[in-house]
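Let me begin by presenting the structure, written as structure tokens, before commenting on it.
The values are calculated or read from the model by the stated rules, or taken from the named source; none is laboratory data. Predicted model, so just to flag it, every value in this text is computed and none were measured. Because the Cβ atoms are built from the backbone with ideal geometry, glycine has one as well, and the counts that use them run over all protein chains shown. Just the protein is used for accessible areas: all its heavy atoms, side chains included, with ligands, DNA and RNA removed. Shrake-Rupley method; radii C 1.70, N 1.55, O 1.52, S 1.80 Å.
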Amino acid sequence: MIKIKFIVIFLYSIFVVQAQNNFHQWISTPPMAWSYSKKEIIPDAEFEIKKSVDFIVDNNLQKSGWKYIIIANRWYVGNETSKPALVKYSIDKFGRLLPDQIQFPTATDSVNFKALSYYLHERGLKFGLKITSGIPVEAVKRKLPIENTRYKANQIYTKHKTSDDTYALSVNHPAVKAYYNSIFRLYASWGVDFIQIDGLLQPYKEKEIEIIRGAIDSCGRQIVLCLSSGNASIKNVQYLKNNVNVWSINTYNKEYESGNLFSVLAQWMPFVSTGTYPFVSDSDFSGFSEDEISSLVSFHYISKLPWLCEQDFSKLDKKEFNIFSSDYTRELLEYSRNNKQVELTTGYALWTAEDSRSSVKYIAIFNLSGEKSPQKISINLKKLGISESCKIIDIWKGKDLGIFSNEFTPQINYHGSGLYKIISDFHF
């Protein structure tokens with residue numbers, strides 16, 4: 001009997017190790033997600049979400065990478081109030097938050113998010129949820145039991161809050177692992193494909209990340225793990241690569257010439273590999289000019305980093321929308337490789353990528369000068385390995401700029417960028 005028990009434990013340990021090694025294969029390209037993150041609680045938010053989903057599908061934005069839909073608001077709350085004591089939470093008997101039926105009418109007691117998940121999957125999309133690390137305040141208040149243990153929520157929390165709705169966990173308590181196993185089994189039953197978790201990067205909580213990694217690996221579903229809210233430290237890069245698919249490193253700001261975004265990226269890009277990606281967070285494009293929008297899009301596609309975006313695509317004008325649905329952006333997402341920053345000065349940043357199918361190269365130039373007037377930026381093509389004459393296409397303008405040798409000097413607007421396709425093997 002002891003021998004059989006040992007064999008079972010041994011085989012299970014092999015399964016867990018294989019799962020941990022394989023989670024990088026769950027995403028072959030950086031995930032790009034539309035995130036529903038309205039702060040206000042509205043009745044039938046589900047209807048609004050489905051409208052946005054239908055727009056994405058009807059306009060074929062999946063081909064440009066937009067395959068994930070993340071429910072990132074307080075999806076478990078049923079009322080709008082500034083008084084914590086009056087918040088109405090949807091929660092089950094094991095202290096696990098559930099979708100509120102006022103916001104999500106299809107989320108009946110037995111269905112929860114299964115209906116919305118099915119709606120997305122039938123349209124070729126993937127379903128994501130945003131949560132905060134820790135245990136619900138309501139679970140602690142009601143002393144709800146932790147599934148499959150003799151412990152209760154009020155025995156495994158600390159008084160530090162990770163959000164208005166959650167307490168931090170006492171990670172050394174034996175029931176913490178059981179709690180995370182319990183919620184990820186629940187998420188797996190709903191058909192969740194992507195989980196975004198706040199509260200683990202600053203302060204950095206390595207042990208809790210490890211517990212969550214184990215809970216995902218044993219839940220029976222391939223759920224992509226993303227850590228957000230806070231900037232990861234480069235010193236933790238190897239641990240993150242071994243346990244996480246996506247993690248936040250900085251915030252995109254249209255005033256990027258005054259920040260350190262591009263210098264931070266220079267540190268992180270050597271560690272990017274299939275299935276593990278740092279990402280730069282942003283919200284929507286409120287207040288962005290056309291040049292600033294094209295820079296944001298140029299940045300995400302040339303860097304080939306994940307994009308979690310809150311922008312309502314249906315509110316973009318035709319020119320802005322065409323930036324997202326360009327065939328060139330699809331090429332960059334699917335086929336580019338060796339995406340990297342090759343030059344960073346006080347005046348500009350230069351990024352390059354190669355097409356894995358041909359000798360084609362892509363370059364992106366970002367104007368960092370801070371000057372209000374357009375700037376001419378000279379790029380030495382030979383330094384980029386382009387020794388012969390080449391044809392250059394302006395991707396955003398959809399224009400063939402002609403034949404160039406040795407040097408290329410485009411004019412880039414304030415807060416703007418240029419994204420170009422360089423073809424060396426061409427015929428006159």
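I need the phi-derived Karplus couplings for the range 30-36: 6.51 cos²θ - 1.76 cosθ + 1.60, θ = phi - 60°, integer Hz, Gly and Pro marked x.
The phi angles translate into x, x, 10, 10, 8, 10, 8 Hz.
Rounded to the nearest 500 deg cm²/dmol, what is the calculated helix-only ellipticity per residue at 222 nm for the chain, with -39500 (n - 2.57) per DSSP H run of length n ≥ 4?
Value at 222 nm, helices only: -8500 deg cm²/dmol.
Please work out the Kirkwood hydrodynamic radius for the range 58-194, using every pair of different C-alpha atoms, and report it in angstroms with one decimal place.
That comes to 16.0 Å for the range 58-194.
Mean Kyte-Doolittle of at least 0.5 and a Cα length of 27 Å or more along the axis: which whole DSSP H helices of the chain meet both?
What comes out of the filter, once short or polar helices are dropped, is 2-22.
Report the semi-axes of the equivalent ellipsoid for the range 335-409 in whole Å, largest first, where each axis is √(5λ) for an eigenvalue λ of the Cα gyration tensor.
Listed largest to smallest, the semi-axes of the range 335-409 are 21, 15, 13 Å.
Between residue 319 and residue 85, what's the calculated FRET efficiency when r is the beta-carbon distance and R0 is 35 Å? Round to 0.05.
E(calc), rounded to 0.05, equals 0.10.
Take the Cα coordinates of the range 223-349, assign each an equal point scatterer, and use the Debye formula without solvent to give log10 I(q)/I(0) at q = 0.12 Å⁻¹.
So the normalised log intensities work out to -0.47.
Taking only protein heavy atoms into account and a 1.4 Å probe, give the accessible area per residue of the chain in Å².
46 Å²
Please work out the C-alpha center-to-center distance from the range 302-358 to the range 393-427 and express it in whole Å.
Each part reduced to its Cα centre gives a spacing of 15 Å.
Tell me the net charge near residue 383. Cut-off is 11 Å between Cβ atoms, residue 383 excluded, with +1 for each Lys or Arg and -1 for each Asp or Glu.
Computed value for this residue: -1.
If you bin every alpha carbon distance in the chain into 10 Å steps from zero, what whole percent lands in each bin?
Calculated over all Cα pairs of the chain, the distribution is 4, 20, 29, 24, 14, 7, 2, 0 percent.
Computing the accessible area with a 1.4 Å probe over protein heavy atoms, can you report the carbon and sulfur percentage for the chain?
Result for the chain: 49 percent of the exposed heavy-atom area is carbon or sulfur.
According to a simple spin-label model (label point 7 Å from Cα along Cα-to-Cβ), what is the distance in nm between residue 263 and residue 221?
Each label point is offset 7 Å from its Cα along the Cβ direction, giving 4.3 nm.
When a/c reaches 1.5 or more, the comparison of a/b and b/c decides; with that in mind, is the range 267-308 rounded, prolate or oblate per its Cα gyration tensor?
Taking the square roots of the gyration eigenvalues as a ≥ b ≥ c, the range 267-308 is prolate.
Bin width 5 Å, alpha-carbon pairs only: give the P(r) of the range 28-113 as whole percents, running from 0 to the bin holding the largest distance.
3, 13, 21, 20, 17, 12, 8, 4, 1, 0
Calculate the spin-label point distance for residue 242 paired with residue 60, positioning each point 7 Å from the Cα along the beta-carbon direction, and give it in nanometres.
Result for the modelled spin labels: 4.5 nm.
Take each of the peptides 317-323, 57-63, average the number of other beta-carbon atoms within 10 Å over its residues, and list them starting from the highest.
Descending packing order for the listed peptides: 57-63, 317-323.
As a test, work out the antiparallel percent of DSSP beta bridges whose residues both lie in the chain, rounded to the nearest 5.
In the chain, DSSP labels about 60 percent of beta bridges as antiparallel.
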